[in-house]
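The values are calculated or read from the model by the stated rules, or taken from the named source; none is laboratory data. As the structure is a computational prediction, the values presented were derived from the model and not from experiment. Because the Cβ atoms are built from the backbone with ideal geometry, glycine has one as well, and the counts that use them run over all protein chains shown. Keep in mind that these areas ignore ligands, DNA and RNA; they rest on the heavy atoms of the full protein, side chains included. Shrake-Rupley method; radii C 1.70, N 1.55, O 1.52, S 1.80 Å.
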Amino acid sequence: MPATSKVSIGWQIVFTFVPILNLWAFYRVRKLTKFVLYVIIPALAALIIIGTLFVYFTSKPLIDSSINDASDKIINGSATLPQINVEHVRPEPWPGVFRMTTLAAQVISIGLQVWSIYLVIIWSRQHNNQFDKPSVR
């Protein structure tokens, strides 16, 4: 249920660090929809983009095709197992792509966490201010 009285901003901040409780923290101050639009959807979009780029840049084969040709001959019984040495293995097609995508994911994750903390502070204060004003009857 949404909170019917003031909420503790300190606890709201703590809740943003726990995956299910972060949703509950924003639900309590009646801002769950905005949280999903401002944080969850951008997080999913970033995950899809970074994952797609990582797969694209790392999906090139790292083994020389001559080894695959030799394995086909072995399966057909027309050759013996070749010696695989380092000269047959090509270097990574995009050096450092794993580090770059990991760093990008970490930076985006930290940024979204800071954004969540900022939003929960602002929205919790707005929620609490509703209970400071005397009601006029």
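Summary table below
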quantity	calculated
At R0 = 41 Å, FRET efficiency that the Cβ-Cβ distance of Val97 and Tyr38 yields, to 0.05	0.90
Gained length - Tyr27 relative to Val107, 0.36 nm times residue gap less alpha-carbon distance	26.2 nm
With all protein chains modelled, accessible area of Lys133 [1.4 Å, Å²]	150 Å²
Efficiency of FRET from Cβ geometry, Phe57 and Phe17, R₀ 35 Å, rounded to 0.05	0.65
Added length on full extension, which subtracts the Cα-Cα distance from 0.36 nm per residue, Ile122 to Ile49	23.3 nm
